[in-house]
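Visitor: Got a structure for you, written out below as structure tokens; questions coming shortly.
The values are calculated or read from the model by the stated rules, or taken from the named source; none is laboratory data. Only a predicted model underlies this, so the values are computations on that prediction, with no experimental measurement involved. No Cβ is skipped: glycine too gets one built from the backbone with ideal geometry, and neighbour counts run over all protein chains shown. Just so you know, the surface numbers come from the protein's heavy atoms only, side chains and all, with ligands and any DNA or RNA stripped out. Shrake-Rupley method; radii C 1.70, N 1.55, O 1.52, S 1.80 Å.
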Amino acid sequence: MDVVTENISSIQLALGVKALLNLSVIGLNWQVMHKSFMGYFCISLAFLDLVQIVNTSIIYWFTNFAILGFHITIYHIYLLLQISTLTYSILHWPVFIIAGLDSYWTFPFRPLSLTRKAVYAASLALVWISAIMYVFFISNYDSEDSFSTMEHHSFLLKSQCASLSLVVLAVITCVVLYCRSGFLSLFKSFRGGSYTEGSTSVFFYNLDLNEGYFKKPILTYIAVCFIGTWFPFVCLQLIILVFSTEVDPFLELNVPWLCFLNSFLIGAVYWHLNQDIVVLKQCEIPDGFCNWVFSPSPDCIKKALPDATSVTVAIIITP
């Protein structure tokens, strides 16, 4: 029983840290959290994680008690965790695809209407209900397995997080290789052509105007903005994949990870649709991390300097 108690304590600590992190990120980005499907899903995930940590804490502290004739024991903590593990492990790709379609259909982003709110709420309910139905009726879920889980703390199973992370990192790598000339120019600025004041960093790189507005220049803008903002998180995902680090699936699905995917999707849709950058200044972009408004745009530079083949562009990164 000491081993079980120690396992529960470590699980509660992990759940508590995750819940606190989720709530902190949502609180800091509340203005954009309720403007997209991904934001709605982040809020629902944070709420369910908070409910889970409260339930497990009540069961742990009261140990054995009865509610409406049902006898609740420590076993039910592992039962709840097993259900949440199976549910969270199958949600990465569905949420990623739905959020991508949402960004594609609503771009350029406009104020959220009542109809879109209703669609988001219905989609959210459908996603969670479908996941739970899959766990209970289609997957190999067996409540008896919770007894072995209780002894060995074995929540590790095949999750969609690793495959999705691999795809995202592969795309980022391809983009960096494709825009290598812009990135090489940016890296050279680290040795003297850049400066930092407080928490704001300014970098310079050479922009080739002959590469076309719809190709490398705008993609380089997007890649520098995304990687500059999420570089520590990209490195963390790379380390987890390279060293095959095992993470419990109920911890893998968290709000920072979803915000990272949201920024990735917005950048991808932004480049694919080739939207005029000026239009985005009038939009409410549902991303609290990346600043997707670039000024001046490659198109504006080309119009202002029609005979120029290249210019030096300043990239300003602020928290």
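Visitor: Looking for something more than 22 Å from P94 (Cα to Cα), part of a helix (DSSP H, G or I) and in contact with a helix residue (DSSP H, G or I) (Cβ under 8 Å, 6 or more places away or on another chain) - is there at least one such residue anywhere in the stretch 27-39?
Guide: So far as the stretch 27-39 goes, no, none of its residues is more than 22 Å from P94 (Cα to Cα), part of a helix (DSSP H, G or I) and in contact with a helix residue (DSSP H, G or I) (Cβ under 8 Å, 6 or more places away or on another chain).
The rows are residues; the columns are (1) under 22 Å from S123 (Cβ atoms); (2) polar (S, T, N, Q); (3) surrounded by 16 or more Cβ atoms within 10 Å (Cβ to Cβ).
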| position | (1), (2), (3) |
| --- | --- |
| I11 | no, no, yes |
| G16 | no, no, no |
| S24 | no, yes, no |
| F47 | yes, no, no |
| L68 | no, no, no |
| L86 | yes, no, yes |
| S89 | yes, yes, yes |
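Let's see how each residue does on (1) within 19 Å of K35 (Cα to Cα); (2) among the aliphatic types (A, V, I, L, M); (3) more than 23 Å from the chain's Cα centre (by Cα); (4) not in a helix (DSSP H, G or I):
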{"site": "L101", "(1), (2), (3), (4)": "yes, yes, no, no"}
{"site": "W105", "(1), (2), (3), (4)": "yes, no, no, no"}
{"site": "F109", "(1), (2), (3), (4)": "yes, no, no, yes"}
{"site": "L112", "(1), (2), (3), (4)": "yes, yes, no, yes"}
{"site": "R116", "(1), (2), (3), (4)": "yes, no, no, no"}
{"site": "A121", "(1), (2), (3), (4)": "yes, yes, no, no"}
{"site": "L124", "(1), (2), (3), (4)": "yes, yes, no, no"}
{"site": "I129", "(1), (2), (3), (4)": "no, yes, no, no"}
{"site": "I132", "(1), (2), (3), (4)": "no, yes, no, no"}
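Visitor: If you go through the stretch 227-269 one residue at a time, how many are aromatic (F, W, Y) and open to solvent by less than 10 Å² (accessible area, probe 1.4 Å)?
Guide: 3
Visitor: So P94 fits all but one of (1) surrounded by fewer than 19 Cβ atoms within 10 Å (Cβ to Cβ); (2) of a type outside the set (A, V, I, L, M, F, W, C); (3) at pLDDT below 90; (4) on the phi < 0 side of the Ramachandran plot; what number is the exception?
Guide: Going through the list (1) surrounded by fewer than 19 Cβ atoms within 10 Å (Cβ to Cβ); (2) of a type outside the set (A, V, I, L, M, F, W, C); (3) at pLDDT below 90; (4) on the phi < 0 side of the Ramachandran plot, P94 breaks only (3).
Visitor: Just to be sure, is P319 at pLDDT 60 or above and either open to solvent by 30 Å² or more (accessible area, probe 1.4 Å) or farther than 22 Å from F37 by Cβ (or both)?
Guide: Spelling it out, it is not the case that P319 is at pLDDT 60 or above and either open to solvent by 30 Å² or more (accessible area, probe 1.4 Å) or farther than 22 Å from F37 by Cβ (or both).
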